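Okay, structure first, notes after.
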Amino acid sequence: MWYWLFKYVLLGPLLRVAGRPTVVGLEYVPADGSAIFASNHKAVLDSFFLPLVVSRRITFLAKSEYFTGKGPKGAFQRWFFTTVGQVPIDRTGADAAQDALNAGLKVLKAGNLLGIYPEGTRSPDGRLYKGKTGLARLALESGAPVIPVAMVGTEKMNPIGSRMWRPAKIEVRFGEPIDFSRFDGMGGNRFVERAVTDEVMYKLMQLSGQEYVDIYAASLKNGVAQEGPAGKMSGSAAGTAGAHAAGTGAHAAGTGAHAAGTGADAARVPDTRAS
């Protein structure tokens with residue numbers, strides 16, 4: 001009940017006035033059945049505007065910190081995310097990847113819509129970062145189509161570090177659903193999972209117009225990765241990567257070999273909220 005109250009009465013009208021959202025590709029959103037919305041992540045408001053423009057309910061996997069805060073702010077966050085039906089995920093435990101996978105599969109097997117952010121955290125600078133393979137595991141094990149979603153303008157309305165929203169024009173762009181049935185029975189193969197994830201990220205780059213950076217956003221935030229010339233993906237290089245991701249098993253294995261060298265196993269948690 002609270003989900004619909006926030007969407008249509010308490011929060012939705014304010015968002016529509018402040019963001020004046022427009023939608024492209026809404027015809028790609030299924031009227032029924034399960035699907036995975038894989039979105040870029042520029043601002044916290046991404047999780048507000050995406051559900052706002054879709055008539056069906058969307059469930060996001062939310063980091064457990066939103067449910068464990070202390071004081072009045074912690075109590076409000078816990079109440080808010082619980083009442084709107086978000087699923088808490090502990091990203092620090094040894095079984096975090098499997099717990100997140102199980103939570104997502106439960107939503108999809110019930111025929112519902114699941115929203116995730118393949119980058120795992122908000123972009124620190126507006127660019128599109130390498131996707132985590134938890135997205136691929138969900139798609140391959142559930143059989144649900146993946147719908148790429150580009151959020152445009154949310155970072156202007158809700159800049160990182162800002163406490164107040166600023167009026168800005170928001171656009172939500174949906175891409176054609178991607179069917180990964182050609183990889184049936186190959187769930188758990190890290191090479192295939194990397195190829196599936198890279199294909200989705202390539203589509204997101206095309207939809208959003210963002211520059212792609214082939215490192216994890218969390219690594220950059222934590223100061224682990226040092227970006228060099230090889231860290232960026234130009235338009236031509238991205239096109240090559242997209243072709244490899246959508247190609248044969250041999251191409252998938254080649255892409256996965258790169259993922260294995262960058263800690264793909266640790267990257268499988270489908271985190272969906274900003275750090």
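Any read-out appearing in this document is the output of simple, stated calculations on the displayed coordinates, not a laboratory observation. A quick note: this is a predicted structure, and the numbers were derived from the prediction, not measured. As a convention, Cβ positions derive from the backbone with ideal geometry for all residues, glycine included, and neighbour counts pool all protein chains shown.
Charges were assigned to the Cβ only: +1 to each Lys and Arg, -1 to each Asp and Glu. The resulting dipole of the stretch 25-137 about its Cα centre is roughly 180 debye.
Among the lysines in the stretch 60-173, how many pairs, 8 or more places apart or on different chains, have alpha carbons under 18 Å apart? Walk me through the numbers on the way to the answer.
Values: 63/73; 63/106; 63/132; 156/169.
Lysine pairs meeting both conditions in the stretch 60-173 amount to 4.
Taking the stretch 60-83 and a reference point 7 angstrom along Cα→Cβ of residue 5, the backbone N atoms nearer than 11 Å belong to 83. Residues 155, 199, ranked from the fewest to the most other C-beta atoms within 10 Å, line up as 155, 199. Under 5 Å from the amide H of residue 89 lie the amide H atoms of 62, 63, 64, each residue being 5 or more positions distant or on a separate chain, with H modelled from the backbone and absent for Pro and chain starts. Take the Cα of residue 20, go 7 Å toward its beta carbon, and the backbone nitrogen atoms of the stretch 156-197 under 18 Å from that spot belong to 156-158, 165-173. Taking label points 7 Å from Cα along the Cα-to-Cβ direction, residue 169 and residue 125 give a separation of 2.7 nm. In the stretch 149-178, which residues have a backbone nitrogen under 17 Å from the label point lying 7 Å from residue 28's Cα in the Cα-to-Cβ direction? Residues 149-153, 171-178 fall inside that zone.
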